[in-house]
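This report concerns only the one structure given below.
The values are calculated or read from the model by the stated rules, or taken from the named source; none is laboratory data. Keep in mind that this is a model prediction, so the values were computed, not measured. Virtual Cβ from ideal backbone geometry, glycine too; neighbours counted across all protein chains shown. Accessible surface areas use protein heavy atoms only, side chains included; no ligands, DNA or RNA. Shrake-Rupley method; radii C 1.70, N 1.55, O 1.52, S 1.80 Å.
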Amino acid sequence: MILNHFCFFVHFLSCLLADLDQIKKKMVKGEEDCTLDGTVNQHGRPAARKRTGKWVAGILILVNQGLATLAFFGVGVNLVLFLTRVLGQDNADAANNVSKWTGTAYIFSLLGAFLSDSYWGRYKTCAIFQAIFVAGLVLMSLSSYVFLGKPAGCGDKHTLCGSHSTFQIASFYVSIYLIALGNGGYQPNIATFGADQFDEEDPNEGLSKVAFFSYFYLALNLGSLFSNTILGYFEDQGMWVLGFWASTGSAILALLLFLIGTPRYRHFAPKGNPLSRFCQVVVAATRKWKAELPPNGGEYLYEVDGGDYLNTGGRKIFHTRGFQFLDKAAVIESKEHRECHDPWLLCPVTQVEEVKCVLRLLPIWLCTIPYSVVFTQMASLFVEQGAAMKTSISNFHIPPASMSSFDILSVAAFVFIYRRVLNHLYTRALGKSSPRGLTELQRMGTGLVIAILAMVAAGIVEHFRLRRAQSSCISCEGSSSLSIFWQVPQYVLIGASEVFMYVGQLEFFNSQAPDGLKTFGSALYMTSISMGNYVSSLLVTVVMEISTRDKMPGWIPGNLNRGHLDRFFFLLAALTAADLLVYTACAKWYKYIKFEANKDCTIINNGSLLQPSVSPV
């Protein structure tokens, strides 16, 4: 026994001396450790761990996100009121137009993700789309100042705006869709680019990467807090031009701060068009549809060395069961096929697994769309509901759009509550050693449950608002004696659900997407919101078409006091409950992706990379 302990101590001491000798050699040779995930610096050389990335770069990106969000919501938070008061649209049309605009902004995230992952890289894509975003805000501010906000101060509930020509309205729509293009292409890239600053192969940086997504969503909400309160108040009083120029200034400052951090950023090199890689797998599997799969799974399928993936900024993915037809793309039928390596006939396992990853993500993504239908009500029907309630305390008027500040405060509170309280209680109760607590899929399911409660709360508030409303009013803003503060519970519940659903989505889609499709993973989160807006618009149209028969005014008429908005909210609660059942089945079926991790990486003083070794994780 004593001899065994002595041998162990000698072995430990020899290993320690070897490590110290290796560190000393690195210092003498001008060597330093680089990241293990394949990131590079702005010059395309391996990224040094100490001089790049981490929280210095992360904080710059968080501030950039906060300022850009302030600018975007400075337009979006009161857009439904701008359309009704300034452009003269009715409630249903305005709600639909806001949903379509928001949905378009998020659908542009697919364009930004494609350009980033394929050709430009995340840094360049962020810079270009932020510039487009600024251009759209400048055009909107100018068109509002020159054309739309006439006479000055109109659109404040009391002063009517003048008529507008087709050219003036066209300039307005061009500007807001430029804003949608810029923000849509920027958003998925900035989220993924921020996560790139943390090496998930390093234990400490891996935990920081998980925390980054929570702080990123918190920065997004804090940025919109100023828009929903100060800017929302000014715009509600008819000072639209002032609000739009404030948004423009915030976007310009965000772009400048982003560019300042250029020397510090870590980058993943773009890996080329993913569509061609996907097509190669499908074509190769189809051409070899008669091939027999090896009995031992992925062990005898074609794969390249892990170091080759590192050189292109990626990692090897381990073979998984399921979608076995696609595995035929990696079957080696003859020695000639392997030597000539026709990518349309023979694909490595990692390339096949990329396709499997996307196919597994799609059912989860589809199940998140009904939640986004619930979320989008906060920018449309919640605002219209609040405008029909008592919006004054003494002589102070509360802008209906500013009630979303309770959603933001709820997000800030629940980010802290989850990370500092619920997470620890969960790990302690189940005896888990992982500091990450609930899995992303579990958190997303929790978000769906809370969203159901939010819709039930909104329906109950609307029921009591109708009982205390004047159905014969001409201008129905403020026509109910029920205070707007009864909306607080539904906003708080939406905020709590966001922390579980949207932060969980950001982490899940980013971690489960292959290295060459990380921005696509973030774009899935964005397009979920986009599709939610489109589905919401379609649902409102269908409900109005069905409910306005037999001379009935419908559930969501121009005069909400003659409708049944409460029934619409209860309908959303029922649809979300049904979605929860489907989501639970999809989450149990899902299989997590497994990467092969790099074990060591060193940069020498000329910027070149010593060959790393790899180990499975």
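Quick check: is even one residue across segment 342-365 touching a residue at least 60 places away in the same chain (Cβ under 8 Å) and within 18 Å of GLU498 (Cα to Cα)? Yes: segment 342-365 contains one or more residues that are touching a residue at least 60 places away in the same chain (Cβ under 8 Å) and within 18 Å of GLU498 (Cα to Cα). Scanning segment 295-352 for residues that are open to solvent by 40 Å² or more (accessible area, probe 1.4 Å), assigned to a helix (DSSP H, G or I) and at pLDDT 80 or above turns up GLN324, PHE325. ARG420 meets all of the listed conditions (1) touching a residue at least 12 places away in the same chain (Cβ under 8 Å); (2) assigned to a helix (DSSP H, G or I) but one, namely (1).
Just a yes or no: is a residue in segment 534-542 open to solvent by 10 Å² or more (accessible area, probe 1.4 Å), outside any helix (DSSP H, G or I) and either small (Gly, Ala, Ser) or under 22 Å from MET444 (Cβ atoms) (or both)? No, segment 534-542 contains no residue that is open to solvent by 10 Å² or more (accessible area, probe 1.4 Å), outside any helix (DSSP H, G or I) and either small (Gly, Ala, Ser) or under 22 Å from MET444 (Cβ atoms) (or both). For segment 366-373, the criterion of being without any contact (Cβ under 8 Å) to a residue 60 or more places away in the chain and open to solvent by less than 20 Å² (accessible area, probe 1.4 Å) is met by no residue.
Regarding segment 221-240, can at least one residue be identified that is within 30 Å of ARG51 (Cβ to Cβ) and part of a helix (DSSP H, G or I)? Yes, there is a match, as at least one residue in segment 221-240 is within 30 Å of ARG51 (Cβ to Cβ) and part of a helix (DSSP H, G or I). Of the listed requirements (1) of a type outside the set (D, E, K, R); (2) more than 22 Å from GLU200 (Cα to Cα); (3) crowded, with 22+ Cβ neighbours inside 10 Å, PRO46 misses just one: (2). Does VAL63 satisfy the criteria of being over 24 Å from TYR173 (Cα atoms), open to solvent by 10 Å² or more (accessible area, probe 1.4 Å) and touching a Lys or Arg at 6+ places or on another chain (Cβ under 7 Å)? The answer is no for VAL63. Only residues that are modelled with pLDDT under 75, in a helix (DSSP H, G or I) and of a type in the set (D, E, K, R) were counted across segment 423-453, and they come to 1. Scan segment 265-286 for residues that are part of a helix (DSSP H, G or I) and either polar (S, T, N, Q) or open to solvent by less than 60 Å² (accessible area, probe 1.4 Å) (or both) and the total you get is 10.
Of the residues making up segment 173-204, those that are open to solvent by less than 10 Å² (accessible area, probe 1.4 Å) and touching a residue at least 40 places away in the same chain (Cβ under 8 Å) number 20. Residues in segment 401-417 that are farther than 16 Å from PHE375 by Cβ and hydrophobic (A, V, I, L, M, F, W, C): 6 in all. For segment 60-73, indicate whether the set of residues that are modelled with pLDDT of 80 or more, touching a Pro at 6+ places or on another chain (Cβ under 7 Å) and not polar (S, T, N, Q) is non-empty. For segment 60-73, residues modelled with pLDDT of 80 or more, touching a Pro at 6+ places or on another chain (Cβ under 7 Å) and not polar (S, T, N, Q): absent.
A search for C-beta distances below 7 Å between a residue of segment 401-412 that is touching a residue at least 60 places away in the same chain (Cβ under 8 Å) and within 15 Å of SER380 (Cα to Cα) and any residue that is open to solvent by 20 Å² or more (accessible area, probe 1.4 Å) and among the β-branched types (Val, Ile, Thr), counting only pairs 6+ apart in sequence or on different chains, returns SER402/THR229; SER405/THR229.
Selection of first residues in segment 566-594 that are open to solvent by 60 Å² or more (accessible area, probe 1.4 Å) and of second residues that are β-branched (Val, Ile, Thr) and part of a loop (DSSP other than H, G, I, E, B), restricted to Cβ pairs under 8 Å at least 6 apart or on distinct chains, gives the following pairs, ordered by first then second residue: LYS591/THR320; LYS594/THR320; LYS594/VAL617.
What are the pairs, 6+ residues apart or on separate chains, where a residue within segment 432-449 that is basic (Lys, Arg) has its Cβ under 8 Å from a residue that is open to solvent by less than 70 Å² (accessible area, probe 1.4 Å) and modelled with pLDDT under 90? Listed pairs, sorted by first residue: LYS432/TYR426; ARG436/VAL210; ARG436/ASN423; ARG443/VAL503; ARG443/GLY504.
Yes/no per residue for (1) outside any helix (DSSP H, G or I); (2) closer than 30 Å to PRO514 by Cβ; (3) in contact (Cβ under 8 Å) with a residue 24 or more places away in the chain:
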position: GLN89; (1), (2), (3): yes, no, no
position: ALA95; (1), (2), (3): no, no, yes
position: GLY103; (1), (2), (3): no, yes, yes
position: PHE108; (1), (2), (3): no, yes, yes
position: TYR119; (1), (2), (3): no, yes, yes
position: MET140; (1), (2), (3): no, no, yes
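When residues of segment 210-246 are filtered for being under 15 Å from SER511 (Cα atoms) and surrounded by fewer than 21 Cβ atoms within 10 Å (Cβ to Cβ), how many remain?
Residues of segment 210-246 that are under 15 Å from SER511 (Cα atoms), as a first pass: 210-214.
Within this subset, residues satisfying the condition of being surrounded by fewer than 21 Cβ atoms within 10 Å (Cβ to Cβ) are 210-211, 214.
Going through segment 210-246 one residue at a time, the tally reaches 3.
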